[in-house]
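S.K.: Got a structure for you, questions after.
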Amino acid sequence: MLRALPRCTSLSPRSDPALLRNFTSKDTPPPPPSKPIGLNQDVLPRVSEEAAITVNIVSPYPVQGIPIGGVLRTDPAVLQNAPKVLKAIPGTRRKYSTAATPTEPPTAGTPADMASSTAPASPPVSPDAFALTIPGAKYPLPRLPLPSCSHLKHRYSTLLEQVINFIMIGGRKAKAESLVDQILANLRTRPAPKPREGTPLLPGTPALSTLPLDPVQYLQTAIDSVSPLVKILMLKGGGGTKQPVPYPLRLRQRRRFALTWISAAADKKKARLGFAERFADEVVAVVEGKSSAWEKRSQVHKLAVASRANVIINPGRTVAPSKIKFPIAVL
Amino acid sequence: MVPPILWRCLRMPHIIHPLKPRLCLHNFTTTPPFSAKPLKPKGPPTSSKMNPGKQRMQSNKVHVKKKPILVQKPAYEVGQRKELRKRIVLSNTNAIPVVLPTMTADLIGNEDAAGAMFALPSGEGDTIVDRLRALEAFQTKQHWPFFYRPCTLFRRETVEVGRLLERVVKWEAAGEDGRVNERAILHGYYGCGRSILLLQAMTWALQKEWIVIAIPNAQDLVIGHTEYEFEGSSHLWLQKASTTDLLNRVLKANRKALKGMKLSQSYRLGRIDEVRKGDSMERVLETAVLDPLLAWDAFNVLLGELGLPGSPPALFTLDNLNQISIPSKYRDQAFNAIHSHDLALPNAFLAYLSGKRGFHKGVILAATSSKCSRTLALDAALECREVDPYERLDPRIGPSIEGAQIIRVDSLSKEEAKGLMDYYNQSGIMKDPVDIATFNEKYAVSAGNPRDLFGTCLRMRQ
C-alpha cells in the first residue's frame, strides 16, 4: 500500500486557480452576501455613521483638518501648549521617527575605499515569468530539484552527521557537535599537511595546501582515504575450519571503519591533549600518511586479496551472511 | 717513590680559605669491625627434591606478583595548563592575507570610516600589537587564530569611543580645575563587541603615547585566588600580587611614555625605599615590579603623578565590570565576605569612574560582561531607573558608576555586517559568495550580533 504511493508529491504549479488561496476567479462570481435576519435587521445606523452620511449630503468633500504647522506659525499660544515633540522642531516634519520598528538611517557620503562594504539593497523580487503565472504570488517558486540540504532532518553534510554520531556518548549530541566544531577549528588553524609519497589518498583530492581552509574537505579526505573497501568475515568452512571471506562495504560502513581506526590511534597519543586536539592530530597524520590506520587498512586488504577465492559471487541471495554455512564460491 | 710535592707541602705555609671548612682527612679509622654487616648465611642446598616439606609449601603458596609502584609523572607542569588556556594566537598562515588600511590615530572620531575593516598596526618596528598583548587586550575567544593578521571592524560605537579620546585631546569640557576626564561604560548584549571596543581605544591611546592602565579581567581580582591584606589607614584590602602584575603590564606596554615622565616630588615606597624628585616613572615601576611590598605605593605614585598638570594623558580601562558588583570571594577576620568595593584595586578604578578622583587628562572606560551572575543593582544603575524601596539592592553599586556616560553597544548595522562578511570571504574562511540572499540569511539568523554572525558564517552547522 505504502509503496503504491509516490514518494514525493509533485511540486509543479497547480493550474486550478480556484484552489489557490486569497484568489477569486473572475469566471465564478462570488455568492451574494446573505442578509442578517433577526431583530437588528432594520435599525438606524450609529451616530458616527449617521454623521458621515449627513456630511456627505451637506458637502460632497469631507472637512479637512487645518495643517498644524500653519497654526503653530501663526499662534504663539498654541506653540506654548504644544506637546514636546512639536516644540523641539518647529517645522512640520520631525527629523526622527516614532515608529515602533526602527528603520535604517540613510547613510550619506560613503568613502570611496569602502566600495566593498556598501549597503545591500532589499532583495529585489525578480519578475520571473513563471511566478507571474500564479496570481497573487509575491516570490517565485523554488528552483527544482531542491538542494540536498533543504530537508529539515538531513540539512547537514552526511559525513559530519556520521562523525557526530560516532563521537557521541550517552546521547549527548550537543557535546558531540561542539567537539566536532572544535576538531574543524583545529584543522583550520594547523599548518597545511605535507604531502608524502606513497600515501594512497583518494584520487581527486585537492591540493593539500588548500585543505585547511576547507576543514570538512580535510576531514573527508582523511576518512575516505583510509576507509577499507572490504571487511573480512570468518565463515564456517568444511571440516570445522573457518574461511576468511571478503565482503564489500557500503560508503557509510567504510567510513565507520575509518573512524574507529582513527579514534583508536588518537586515543593512544601520549600527550594529554583534549579529545578534539588528539583527533585533529590524527586526521593530519592520516593525510600525511603517518597514521597507524593505514597499516590496519593494508592488513585488511592483504587478507582480502589472499582470500579472494572465497568471495561470495552471487550476492542476490537473501540469506544473511552469518547464516551461510559455507561460502558458495567453494562449492 | 715519594713525590716531591710532599716536601713542598711541609715547607710552604698552609693556606686556609677563610670561608671554606678545612677537610679533615684521617689515615685510619676508629670504627670497630663489629659494626660491619655480617656475612650472608649460606643458602639452602640446590637440590630441593629431597625436601618434601618445602615442596608442599611452595605449591600451596599463591604467588601474587606485586606491581612496582610507579611514581606517575604529573600530567602537566605547574602553570602549564593555564598557559595553554590563555595562549593567544594572532595569526594563521593558512588564511589569505587581506589588504586593509591601518587603524591609525587620525581615524579617531571619523564617522566616514564606520562600517569598514581596519588592520591593527603591525608594520616593521611597530610594536603596538606586542604592547596590546602585554596589556592582555586580546582574549582567547575572539577568533583571532582564524585570520592572517588581527583586524577589527570600525563601528558606530567606535566613533563614539573615539569622540571621548578626541575631546580629551582637544581639551574640551575641562572642569574648573583644568582637568578633562571622560568616563564611560560600554554596555550591551552578549557578544556585541565591548571588549573589542576597549581594544580599539587602547590601540589609539598607545599610538598617541598615552599611559594605558588596563585591568583585563576584573574577575581575577575578586575570586580569591591571590593573597590580600588589610591596610588600616585606608580601610581597604590590598592585593599586592595582583598590583604587581598590573604594574608589570603597564610597564611593558608604556615603557617609552613612562621614561618621559619625571617625578614632581620625592616619594617613599614601602618603609625603606625612596624615589627622588626628577627620577623617571619607569624607574619607580621597575623597582616596584621586583618587590610586591612596594607595588601598591608605586601604583599610587603613578596615579598621583598622572593627576598633575603636565603629565601625559591616561587611559584607564576595566573589563567585566559586573564582576566587581557582586560580593567577592575574599573573607575578613570575622569570615564575612568582603565587599568588592573594599578591595583596593577595584576601589581605585571606581573612584576614577565615578569622578571622585581624576587624571589631568584622561579617559576611563569600563565594559560590562554577560558572563556573570545577575547583578540587579548594576542593571538598575545602568538603566538609570528608580529603585523600588522594597527592592533589596546593594546601595553602594549605584553611586559607584554615577555620572559615567553609558554607551549602548548595539548589534551590527547592515553596512557593518556586510563589511565583516566581505572580510570573512576575502580571508578564504567563508566559502559562500556574499550575495544578497546569503547576506540576508546570515544577517537574519545572527540578528546582527557579531559573535553569532561569525558562527553563522563559519560553522558548518548552526
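S.K.: Within the stretch A:166-196, restricting attention to residues that are surrounded by 14 or more Cβ atoms within 10 Å (Cβ to Cβ) and in a loop (DSSP other than H, G, I, E, B), which residue is nearest to the other protein chains (Cβ to nearest Cβ)?
M.R.: Here the residue is A:192.
S.K.: Oh, and also: Which one is farthest from residue B:309 (Cα to Cα), of the residues in the stretch B:355-374 that are of a type in the set (D, E, K, R) and in contact (Cβ under 8 Å) with a residue 12 or more places away in the chain?
M.R.: In this case the residue turns out to be B:371.
S.K.: Which of the residues spanning the stretch B:140-149 are more than 11 Å from chain A (Cβ to nearest Cβ) and in contact (Cβ under 8 Å) with a residue 60 or more places away in the chain?
M.R.: B:148
S.K.: Hey, can you tell me all the residues within the stretch B:420-450 that are under 17 Å from residue B:144 (Cα atoms) and either within 12 Å of another protein chain (Cβ to nearest Cβ) or surrounded by fewer than 16 Cβ atoms within 10 Å (Cβ to Cβ) (or both)?
M.R.: Within the stretch B:420-450, B:420, B:421, B:422, B:423, B:424, B:425, B:426, B:427, B:428, B:429, B:430 qualify.
S.K.: Which residues, counting only those in the stretch B:81-90, are more than 10 Å from every other protein chain (Cβ to nearest Cβ) and surrounded by 10 or more Cβ atoms within 10 Å (Cβ to Cβ)?
M.R.: Within the stretch B:81-90, B:82, B:83, B:86, B:88, B:90 meet the criteria.
S.K.: Okay, next question. Does the stretch B:331-363 hold any residues that are out of contact with any Ser or Thr (no Cβ under 9 Å at 6 or more places or on another chain), farther than 30 Å from residue B:171 by Cβ and either among the polar types (S, T, N, Q) or buried (at least 16 other Cβ atoms within 10 Å of the Cβ) (or both), and which are they?
M.R.: Within the stretch B:331-363, B:333, B:336 qualify.
S.K.: Still on this structure: Tell me, yes or no, whether the stretch B:155-167 has at least one residue that is in a loop (DSSP other than H, G, I, E, B) and under 25 Å from residue B:458 (Cα atoms).
M.R.: Yes, the stretch B:155-167 contains at least one residue that is in a loop (DSSP other than H, G, I, E, B) and under 25 Å from residue B:458 (Cα atoms).
S.K.: Among the listed residues B:109, B:115, which satisfies the condition of being at positive phi, within 12 Å of chain A (Cβ to nearest Cβ) and either surrounded by 19 or more Cβ atoms within 10 Å (Cβ to Cβ) or touching a helix residue (DSSP H, G or I) at 6+ places or on another chain (Cβ under 6 Å) (or both)?
M.R.: B:115
S.K.: In addition: If you go through the stretch A:255-273 one residue at a time, do you hit one that is over 21 Å from residue A:292 (Cβ atoms) and out of contact with any Gly (no Cβ under 7 Å at 6 or more places or on another chain)?
M.R.: Taking every residue of the stretch A:255-273 in turn, none turns out to be over 21 Å from residue A:292 (Cβ atoms) and out of contact with any Gly (no Cβ under 7 Å at 6 or more places or on another chain).
S.K.: Okay, next question. Taking residue B:104 as the residue in question, decide whether it is under 23 Å from the mean Cα position of the chain (by Cα), among the β-branched types (Val, Ile, Thr) and either crowded, with 16+ Cβ neighbours inside 10 Å or assigned by the TED database to the domain that holds residue B:404 (or both).
M.R.: Judged against the criteria, residue B:104 is not a match.
S.K.: If residue A:209 satisfies all but one of (1) outside any helix (DSSP H, G or I); (2) more than 23 Å from the chain's Cα centre (by Cα), what's the number of the condition it fails?
M.R.: Only one criterion in (1) outside any helix (DSSP H, G or I); (2) more than 23 Å from the chain's Cα centre (by Cα) is unmet by residue A:209, namely (1).
S.K.: When the stretch A:227-257 is examined, which residues are found to be in contact with a Ser or Thr (Cβ under 6 Å, 6 or more places away or on another chain) and among the charged types (D, E, K, R)?
M.R.: A:254, A:255
Each row is one residue, and each column tells you yes or no for (1) within 26 Å of residue B:232 (Cβ to Cβ); (2) among the hydroxyl-bearing types (Ser, Thr, Tyr).
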{"position": "B:253", "(1), (2)": "no, no"}
{"position": "B:257", "(1), (2)": "no, no"}
{"position": "B:264", "(1), (2)": "no, yes"}
{"position": "B:284", "(1), (2)": "yes, no"}
{"position": "B:301", "(1), (2)": "yes, no"}
{"position": "B:327", "(1), (2)": "yes, no"}
{"position": "B:342", "(1), (2)": "yes, no"}
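The values are calculated or read from the model by the stated rules, or taken from the named source; none is laboratory data. These numbers come from a predicted model, not from an experiment. Methodologically, a virtual Cβ is constructed for each residue, glycine included, from the backbone with ideal geometry; neighbour enumeration extends over all protein chains shown.
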